[in-house]
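S.K.: Below you will find the structure I want to go over with you.
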Protein chains: 2
Amino acid sequence: MSTTSAAGKRAQAKIEYDAFLAVCPSRKLLERVSDKWVTLILAALGSGPDCQGGPRPMRYSELSRLLAGVSQKMLTQTLRALERDGLVSRTVTPTVPVTVTYELTALGLSLHETMRTLKRWAESHMDQVLASRAHHDRAAQSE
Amino acid sequence: MSTTSAAGKRAQAKIEYDAFLAVCPSRKLLERVSDKWVTLILAALGSGPDCQGGPRPMRYSELSRLLAGVSQKMLTQTLRALERDGLVSRTVTPTVPVTVTYELTALGLSLHETMRTLKRWAESHMDQVLASRAHHDRAAQSE
DNA sequence: CAGTATCCAGCTAGATACTG
DNA sequence: CAGTATCTAGCTGGATACTG
C-alpha cells in the first residue's frame, strides 16, 4: 500500500519527523538533561555541596545526603547514565568498607557551565513567568 | 511524634529538600522547558518553519504540520501552558473559519535565545557523549 | 558503604471521536 | 480551522527488602 492518501502522508511525515528527532543532537541533550536528578547531580558535583565553590568529587552517601529527595534506585541509575555518557567518572577505592567517589569529567564540567546559563535566565526571568501564570489563573478564576 | 530517630531526620530532610526544590527558579524553568514539545514549539516560533530566519507568528495548523509527531491534545496543551507563562501570545482573528496565530512574546524570545546556548553545546559535544556511550556499551557487551 | 532486585501506584501522552 | 473530551496502555520512579 503506497502512501497516497492524506492519512498516509500524515503518517509518513510523522515517521520522518520521529526519525529526524532521533538523530537531532539538541534533542538527545535535552533527553539526558531534562531528567530531574541529572541536573541536581551535575550541580552538586560542579559547585560543591554548598552550591558555591568549585567542582569536587563526592561519595555516593554524600550525594545521597545532599539530594535528600532521591531514592537509591534513581541515584544509582542516574549516576550510571552519566558515567555511560562520559559526564561523570566513578572511582572505587578498595578500603573496607569500599569507598566510591564520583567526579565531573571535563565534558561534564563543560555541560555544567552551559547549564548555568539556564540558571541565570531562570533567576532573572522566572518571576515574570510566575507573575504571568498567576495573572492568567486569576483571570480564569473570575469568569 | 518528634523527629529524633535517624529515619525521622531523613524524612524531615527530604521534606525540606522538596520544599526547597518547589521554590527553586532553576527547577521551575527546567520543569517547563524539559517538556518534549515545549522546546520544539519554541524553536518553531523562534526560528521559523525552516529553522533558519527570524521569529514569526504561526497558525495552529502550520505548527501541527511542522511538528509532525505531535498530537492535537499535546499541541493545544503545550501552547496553553506557554501562553499561561507569558512565553507565547495567542491571537484570534474572527474570519470564517476562525484563524488563530501564535507568536513568541519578548520573554519567550529571550528564553529561545538562551536555549540556543544548549543547542550549541549539543552540536559541539554530543558526538563525544555518543562516543562514550557506544564505548561503554561495547565494553559491557564483551564481558 | 554502596549498591541490586522486585513490585506496583500514578501520571503522561497517544489514539479516537466529536464540535462551534 | 482549531480545537474539546474521554479512555487507556505504558512507562517512570518510589517504596521496600536484600547483599558483597
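The values are calculated or read from the model by the stated rules, or taken from the named source; none is laboratory data. Since this is a predicted model, take the numbers as computed values, not measurements. Positions of Cβ are backbone-derived with ideal geometry, glycine not excepted, and every protein chain shown enters the neighbour counts. For accessibility, only protein heavy atoms count, side chains too; no ligands or nucleic acids. Shrake-Rupley method; radii C 1.70, N 1.55, O 1.52, S 1.80 Å.
S.K.: Can you give the calculated 222 nm mean residue ellipticity of chain B, where each DSSP H run of n ≥ 4 adds -39,500 (n - 2.57) and the sum is split over every residue, rounded to the nearest 500 deg cm²/dmol?
M.R.: Result for chain B, helices only: -22000 deg cm²/dmol.
S.K.: Quick check: the angle from helix B:36-47's long axis to the longest principal axis of chain B, C-alpha only, nearest 10 degrees?
M.R.: Here the helix axis deviates by roughly 40 degrees.
S.K.: Could you let me know the centre-to-centre spacing of segment B:53-95 and segment B:99-123, using Cα atoms, in angstrom?
M.R.: Distance between centres, Cα-based: 13 Å.
S.K.: Taking each label point as 7 Å beyond Cα in the direction of the beta carbon, state the distances from residue A:50 to the same residue in the other copies, shortest first, in nm.
M.R.: List, nearest first: 5.4 nm.
S.K.: Next question, about the same structure. What shape does chain A have by the C-alpha gyration tensor, where a ≥ b ≥ c are the square roots of the eigenvalues, rounded means a/c under 1.5, and otherwise prolate means a/b greater than b/c and oblate the rest?
M.R.: oblate
S.K.: Additional query: Mind checking which lysines have their Cα closer than 26 Å to the Cα of residue A:36? Skip sequence neighbours fewer than 8 apart in that chain.
M.R.: Cross-link targets: A:28, A:73, A:119, B:9, B:14, B:28, B:36, B:73, B:119.
S.K.: While we're on this one: Provide an ascending nm list, one decimal, of label-point separations from residue A:142 to the equivalent residue in each further copy; define each label point as 7 Å from Cα along Cα→Cβ.
M.R.: In ascending order, 7.0 nm.
S.K.: Please work out the average accessible area per residue across segment B:52-96, using the 1.4 Å probe convention, and give it in Å².
M.R.: 56 Å²
S.K.: Separate question: Mind pulling the angle between the C-alpha long axis of helix A:106-141 and the longest principal axis of chain A? Nearest 10 degrees, somewhere in 0 to 90.
M.R.: 50 degrees
S.K.: What order do A:127, B:137 take when sorted by accessible area (1.4 Å probe), most exposed first?
M.R.: Final ranking, largest accessible area leading: A:127, B:137.
S.K.: Per residue of A:115-121, what is the mean number of Cβ atoms on other protein chains within 10 angstrom of that residue's Cβ?
M.R.: Mean shielding count: 6.
S.K.: A follow-up question, please. Evaluated at 37 °C with a viscosity of 0.692 mPa s, what Stokes-Einstein diffusion coefficient in µm²/s does the protein assembly as shown have when Rh comes from the Kirkwood expression over alpha-carbon pairs?
M.R.: 153 µm²/s
S.K.: Further, regarding this structure: Kindly give the distances from residue B:74 to its copy-mates, label point to label point, with each label point 7 Å from Cα along Cα→Cβ, as nm values to one decimal ordered shortest first.
M.R.: Copy-to-copy label distances for residue B:74: 2.2 nm.
S.K.: Which whole-number percent is the relative contact order of chain B (Cα, under 8 Å, 6+ apart)?
M.R.: The value is 17 percent.
S.K.: A follow-up question, please. Work out the mean other chain Cβ neighbour count within 10 Å for the residues of A:86-97 and drop it here as an integer.
M.R.: Shielding by partners across A:86-97 averages 1.
S.K.: Let a ≥ b ≥ c be the square roots of the eigenvalues of the Cα gyration tensor of segment A:30-93; is it rounded (a/c under 1.5), or, if not, prolate (a/b larger than b/c) or oblate?
M.R.: Details: a/c = 1.22, a/b = 1.19, b/c = 1.03.
The shape class here is rounded.
S.K.: On to the next question. Using a probe of 1.4 angstrom, how much of the accessible area of the protein assembly as shown is carbon and sulfur, in percent?
M.R.: Here it works out to 56 percent.
S.K.: If you don't mind, there's one more thing I want to ask. Could you report the buried accessible area between B and A, both sides summed, computed with a 1.4 Å probe and given in Å² to the nearest 100? Can you show the working numbers first?
M.R.: Numbers: alone 10230 and 10250 Å², together 16260 Å².
Chains B and A together bury approximately 4200 Å².
S.K.: On the principal axes of its Cα set, how long, how wide and how thick is segment B:1-66? Give whole Å, largest value first.
M.R.: Result, largest extent first: 60, 19, 13 Å.
S.K.: So what J values fall out for segment A:8-25 if you push phi through Karplus, 6.51 cos²θ - 1.76 cosθ + 1.60 with θ = phi - 60°, rounded to Hz, Gly and Pro as x?
M.R.: The phi angles translate into x, 5, 5, 4, 5, 4, 5, 4, 5, 5, 4, 5, 4, 5, 5, 9, 5, x Hz.
S.K.: May I pose another question? Of all the residues in chain A, which one has the C-beta that comes nearest the axis relating A to B, and what is the distance in Å?
M.R.: Here the nearest residue and distance are A:34, 2.
S.K.: Between residue B:7 and residue B:96, with labels modelled 7 Å along Cα→Cβ, what's the label distance in nm to one decimal, could you check?
M.R.: 7.0 nm
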